[in-house]
Amino acid sequence: MEKILDKFKEFCMQPYDRAVEWKDAEPNRKVIGCIPMYFPEEILHAAGVLPVTLYGSDEPITMGEHHLMNNACHQVRSTFDSLLKGKYDFLDGVAALHVCDQVRFFLEVWQLDHPFPFFHEMWRPYRLDNTNRPFLTSELKRLISHLESFTGTEITIEAIRNSIGIYNESRYMMRKLNDIRRERPGIISASDMVCTVTSSMLIPREEHNQLLRELLSRIDNVLTPEDQRFKMVIIGHLCDAPDEGLLNLIENEGLSLIDDDFITGGRYYAVDVNPDGDPIESFADYYMNMIPCTTYHYVDCWRGDSDKYSPYADYTIDMLKKGQAAGIVILRAMYCDPFDMEFVLLRERLKEENIPFLALFIEKGSGSMEAVRTRVQAFVETL
Amino acid sequence: MRGDGMITAGIDVGSTTTKAVLLGKDGIYSYSVQATGIDIPEATEQVLGESLAQANLSFEDIAGIVSTGYGRISIPFSSQTITEITCNAAGVHHLFPNATLVVDIGGQDSKAIKMDKKGRVRQFAMNDKCAAGTGKFLEVAAQTLRVDVEELGKTSLESKNKITISNTCTVFAQSEIVSLIARKTEKEDIAAALHESIGSRIYGLINSVYPEPKAEIVLTGGVARNIAIVKLLERMTGRMVMVPENPQIVTALGAAILARKVN
C-alpha cells in the first residue's frame, strides 16, 4: 500500500510529467488543462483528450503577481505564474467551469495574453433549479460541439457513457477508501488521501483506477494501532490541494482527520454521473445533485423562510455526525470570497449546535507554520 | 524545602521576553522576566534560577514545570508544554475568577480569548501574519520617534491634534512616521495616532471572538502596562478594562497553575 501511496505522491510532486509522456507516446494526442472545480472531465476523456487539472504550484509567485491584483486568491495567481513560467507549454487547451469571478477574470486575461488553440469556459447557472436546466444542457452541448470541431472527431454517446463508467469507478473506489478511513482512523493520512485524489486528475484515469484497485485490495491487510487522537472532519473550499505539511501538522498535533469536503477529496468523488440514458441529461442531473457548494445556490437557499439557511452547514454537520467526529477544522483560503460569505452562516450554525471548530486562514507560501501549530494545539487543549 | 511538594513553575518563552513564575500553595513565591534572546535554554535557566534564588529554593523543590509561549518546545526540563492561550486563560481565571474575556498583547502576538466562568477557553483569535497590533509595533514606533517605549503611552496622552496612521503594516507605519516627522508633526500626535492604530486592530480581534455584551476585558501581556492602550480600549469597546498587577507574567502564572494538574 505504501508503494502505491508513494506513487500518488510522486505524481503530485511532478504533476505534468505523466501527461507530457502520454502525449509524446503517440502523434496527435491532446492534453487539456482544467481549472478547478467541477469541469466535466468525462466529456474530454470521451473526445480522446487527456484532462489534467491545473493546481498552480507551491513555488514562490515571481511572475504572476504583476498581471493580477494581489487580492486574487493564491490558486489563481499561482496558476497564472505557472503559465508565465512555461509550465503549461505542453497543453493544447484550457477549459474551466465558471465557479467564481476571480477564475472568470483571470481566464479572460489568460486568453487575451496567451491564447491557446482550445479555450473553453463553460457557464453553470448560479441558481440551480429546473428553470435553468435548459441553459445548463445547452452549455454541455456547446462543450461537446466545440471539442468535436477541435479534435475533428465525433463524440459518440457510447464514448461518453464509457468515460462516465471509468470515472464512476474511480469515484466509487475513492469513496470506498474514504469509508475505510472513517471506520479505521489513521489507516491513511489526510495528506495521502489528498494525494490519492489529486493524482487521479493528473494522469490517465485508467492507470489511476488500476493503482486504486491494487491499493484497495491490499488495505484490509494493513494493521493500524488504536488511534487516540480526536476525530475531526476538515472542510474548506480550496480550489487547490491543501498543503501537505499543514495537514500533517494538524494530524501530528492530536487530531485525526477522518473526512473532508475538499475538491481534492470528498467534494470530488461524492456524486456519480448516471451511466445510462441521455448523457447530457445525466450531466445536468449531476450538477443539480452536487453536494452543497459555496459557488452556487440551491433553490432551497431562496425559499425565504430563513435568512440563515445554509445547506453547506447541514452537509458538514452531517459529515461530522456520520464520522462521530469531535469537531471541525475549517481551512479558509485567503481572498476566497464565496467561502467568506458562506463562513458567516456556517459559523453561526456551528455555534448554535455547540460544535467545536477551528478556523484557520491559510495561503500557500505565506504565514508561519508555528503560528498554525499554536492554534491547533490550543484547539486540542479546549476539547 | 518549602511548600511540601506543591511548588510548581510556569515558564513562558515569548518572542521578546521569557518569564518564570514559582507558585506555591499560598500564591506566587517569586518571578523573573528577561529578554529571550537567541539562546532559549539559557534564558529559561536564568529566569528559573533567578526565581529559585529569590524564593530561596532549589530545582529539586519543584514538583512540576509547564512551559508555554513560542519557545515552549525548547525547554528540556519541563514536564509538559501547553499553549500560551490555555495558560493565559488559566492565569487570568486565577486572578479574576469571573472574567470571560482576555486580551493579551505580547511582543509579536496579540490574542483575544473568550472563556467560560470556569476558565476554559471557548474561542480565541490571534493576529494573522503581521505584527501590527502588537508590542513590536510600539517598539518599532518608539525607536523611530526616539522615545522610550515605556514612555510612549504617556507621550500619546499629551496629543492635541488628531492624525491618522495606517494600521496595516508595522514596517509601512514606520515609513509613515518618518514622513510625519519630516513634516514636523508633533511626536505626541504621532504617538497618539499609533495607539489609535493598535487599538483598532485589537478591537477587531476582540470582536472576532464574539464576547458577551457586557464582559469586562482583562488586559495582559507587556503592553498592558501602557496606560494609553488601556484608556483607548475602554473608549473603543465601551467595556471596562482591568489590568493585573503584573500583566506580563499572567501566562507564566497560568502555566504554573496547570503544572499542578500535570502532577
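The values are calculated or read from the model by the stated rules, or taken from the named source; none is laboratory data. Nothing here was measured: the structure is a model prediction, and the numbers come from that model. FYI the Cβ positions are ideal-geometry reconstructions off the backbone, even for glycines, and counts take in every protein chain you see.
Would you be able to say whether some residue in segment A:296-306 is in a loop (DSSP other than H, G, I, E, B) and either touching a Cys at 6+ places or on another chain (Cβ under 8 Å) or at pLDDT 85 or above (or both)? Within segment A:296-306, not a single residue is in a loop (DSSP other than H, G, I, E, B) and either touching a Cys at 6+ places or on another chain (Cβ under 8 Å) or at pLDDT 85 or above (or both). For segment A:22-35, indicate whether the set of residues that are out of contact with any helix residue (DSSP H, G or I) (no Cβ under 8 Å at 6 or more places or on another chain) and under 16 Å from A:Val197 (Cα atoms) is non-empty. Taking every residue of segment A:22-35 in turn, none turns out to be out of contact with any helix residue (DSSP H, G or I) (no Cβ under 8 Å at 6 or more places or on another chain) and under 16 Å from A:Val197 (Cα atoms).
Screening the candidates A:Val52, A:Val76 for the property of being assigned to a strand (DSSP E or B) and touching a helix residue (DSSP H, G or I) at 6+ places or on another chain (Cβ under 7 Å) yields one hit, A:Val52. One residue stands out in segment A:360-383 among those that are touching a Gly at 6+ places or on another chain (Cβ under 7 Å) and assigned to a helix (DSSP H, G or I): the one that is farthest from A:Val329 (Cα to Cα), namely A:Met369.
Of the helices (runs of 4 or more DSSP H) lying entirely inside segment A:127-244, the ones with 2 or more residues being outside the structural domain of A:Pro117 (by TED's automatic domain parsing) and touching a helix residue (DSSP H, G or I) at 6+ places or on another chain (Cβ under 6 Å) are found at A:157-183, A:190-200, A:205-219.
Restricting attention to segment B:122-150, the residues that are away from chain A (no Cβ under 14 Å) and over 18 Å from B:Thr220 (Cα atoms) total 9. Taking the listed residues A:Ser145, A:Ser170, A:Ser149, A:Ser138, the one that is buried (at least 16 other Cβ atoms within 10 Å of the Cβ) and either farther than 17 Å from A:Ile32 by Cα or out of contact with any Pro (no Cβ under 9 Å at 6 or more places or on another chain) (or both) is A:Ser170, with no other qualifying.
Only residues that are more than 21 Å from the chain's Cα centre (by Cα), more than 12 Å from every other protein chain (Cβ to nearest Cβ) and within 24 Å of A:Met37 (Cα to Cα) were counted across segment A:345-383, and they come to 1. Only a single criterion out of (1) buried (at least 20 other Cβ atoms within 10 Å of the Cβ); (2) touching a residue at least 40 places away in the same chain (Cβ under 8 Å) is not satisfied by A:Thr374, namely (2). Residues of segment A:166-188 that are among the small types (Gly, Ala, Ser) and at pLDDT 95 or above: A:Ser170 alone.
Residue under question is A:Glu158, and the condition is that it be without any contact (Cβ under 8 Å) to a residue 40 or more places away in the chain and buried (at least 18 other Cβ atoms within 10 Å of the Cβ); does it hold? Talk me through it step by step, then tell me what you get.
On the way: without any contact (Cβ under 8 Å) to a residue 40 or more places away in the chain: yes; buried (at least 18 other Cβ atoms within 10 Å of the Cβ): no.
Against the criterion (without any contact (Cβ under 8 Å) to a residue 40 or more places away in the chain and buried (at least 18 other Cβ atoms within 10 Å of the Cβ)), A:Glu158 does not qualify.
For A:Ile317, are the conditions met, namely being modelled with pLDDT of 90 or more, within 13 Å of another protein chain (Cβ to nearest Cβ) and either under 25 Å from B:Asn127 (Cα atoms) or surrounded by 18 or more Cβ atoms within 10 Å (Cβ to Cβ) (or both)?
no
Among residues of segment A:87-105 being of a type outside the set (Asp, Glu) and more than 19 Å from the chain's Cα centre (by Cα), the one that is modelled with the lowest pLDDT is A:Phe105.
In the condition set (1) under 30 Å from B:Ser30 (Cα atoms); (2) at pLDDT below 90, B:Lys187 is compliant with all but (1). The single condition among (1) touching a residue at least 12 places away in the same chain (Cβ under 8 Å); (2) surrounded by fewer than 23 Cβ atoms within 10 Å (Cβ to Cβ) that A:Asp17 does not satisfy is (1).
Is segment B:143-154 home to any residue that is under 24 Å from B:Ala125 (Cα atoms) and not polar (S, T, N, Q)? The answer is no; no qualifying residue exists.
Among the residues of segment B:171-192, the one identified as surrounded by 20 or more Cβ atoms within 10 Å (Cβ to Cβ), within 23 Å of the chain's Cα centre (by Cα) and more than 17 Å from B:Ala228 (Cα to Cα) is B:Ala173.
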